[in-house]
Amino acid sequence: MAALIALAVPMTGYLVVHWNDSLAEKDVPFMYSISLLLIIVCGAGKYSMDHYLANRDLIKNTKPSRSLI
């Protein structure tokens with residue numbers, strides 16, 4: 001969800017500020033926009049806060065595993 005909010009900044013830079021500029025100047029906001037869209041589509045992964053909040057009940061209810069030693 002935070003990536004969606006953060007996407008507004010480079011998209012504004014790309015579509016409003018740099019609309020009439022050359023491709024070299026549009027490159028940076030375009031790359032940031034693509035990377036944030038990738039995070040929105042694929043998710044942040046198992047180290048994200050969303051993953052932690054979704055699985056925190058599972059972490060509390062797990063029993064410690066037995067040691068083989």
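The values are calculated or read from the model by the stated rules, or taken from the named source; none is laboratory data. Small disclaimer: the values here were computed from a predicted structure and weren't measured. Glycine also receives a Cβ, built like all others from the backbone with ideal geometry; neighbour counts cover every protein chain displayed.
The listed residues are Ile5, Ile40, and the only one of them that is under 27 Å from Leu53 (Cβ atoms), within 14 Å of the chain's Cα centre (by Cα) and loosely packed, with under 13 Cβ neighbours inside 10 Å turns out to be Ile5.
Every listed requirement among (1) at pLDDT 85 or above; (2) part of a helix (DSSP H, G or I); (3) of a type in the set (S, T, N, Q) is met by Asn20 save one, (2). Selection of first residues in the stretch 1-14 that are closer than 15 Å to Glu25 by Cβ and in contact (Cβ under 8 Å) with a residue 12 or more places away in the chain and of second residues that are of a type in the set (Phe, Trp, Tyr) and assigned to a helix (DSSP H, G or I), restricted to Cβ pairs under 8 Å at least 6 apart or on distinct chains, gives the following pairs, ordered by first then second residue: Pro10/Phe30; Pro10/Tyr32; Tyr14/Phe30.
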